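Note sheet for the following structure.
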Amino acid sequence: FPSHDTESDWSIASISGSDIGRVKNVEVSLIAEVTPAPFTPRLANLEVGIKNEGNMPANDLYVMATVTNGYSLTNPSEVFGTSWRLEKLKQLNKGQSINFKLALRCNSNAVTGSLKIYLSATDNIDDPEALKLNLALNPVIFF
């Protein structure tokens, strides 16, 4: 029987969440989905979608993502990542949506953690008007 390497026999569980609300007086939605990367232990795909649900353009919005210790956010082909990402959206027209694709990597052995995503009029995660998603990150053991 092949031996099981506990370092590689797990991945990050699928999870998704959404929020809708007003940012800068424009109705916007924020959606995030985490899915395990096929054949790649400890790696998951993260897709974040922002849509202008209102009737006016939304200007100068910030999308921020942060992860707890043990996890990092990277571009899909990168090895090294950070615990914090920030993107500025210059303009999102009425009905327009935009998607960001990142990789989510667990840097230690099967730990739980959290992913927080913010959509805000400022680059401050403590902005009281920010839309917030808080997703629990959990390992899933392969059998």
What number comes out for accessible area per residue over the range 1-92 if the probe is 1.4 Å? Units Å², please. 56 Å²
In Å, what Rg and Dmax follow from the Cα atoms of the range 1-99? 17.0, 62
In whole percent, and with a 1.4 Å probe on the protein chains, what portion of the accessible area of the chain is carbon and sulfur? 52 percent
Choose one of N55, L92, S77: the residue whose Cα lies farthest towards the positive end of the charge dipole of the range 49-96 (beta-carbon charges +1 Lys, Arg; -1 Asp, Glu; about the Cα centre). N55
Those chymotrypsin sites (Phe, Trp or Tyr not before Pro) in the range 21-124 that DSSP places in a loop and that have at most 15 other beta carbons within 10 Å: F39, F80
Longest DSSP-loop-exposure-free segment, GluC sites (Glu not before Pro), the chain, at most 13 other Cβ within 10 Å: 8-77
Given charges of +1 on the Cβ of Lys and Arg and -1 on the Cβ of Asp and Glu, with all other atoms neutral, how large is the dipole of the range 16-84 about its Cα centre, in debye to the nearest 20? 100 debye
Report Rg(Cα)/(2.2 N^0.38 Å) for the range 46-143, keeping two decimals. 1.19
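The values are calculated or read from the model by the stated rules, or taken from the named source; none is laboratory data. Quick caveat, the model's predicted, so the values are computed rather than measured. Note that we place each Cβ from the backbone using ideal geometry, even for glycine, and neighbour counts take in every protein chain shown. When the accessible area is computed, the model is the full protein with side chains, heavy atoms only, and any ligands, DNA or RNA have been set aside. Shrake-Rupley method; radii C 1.70, N 1.55, O 1.52, S 1.80 Å.
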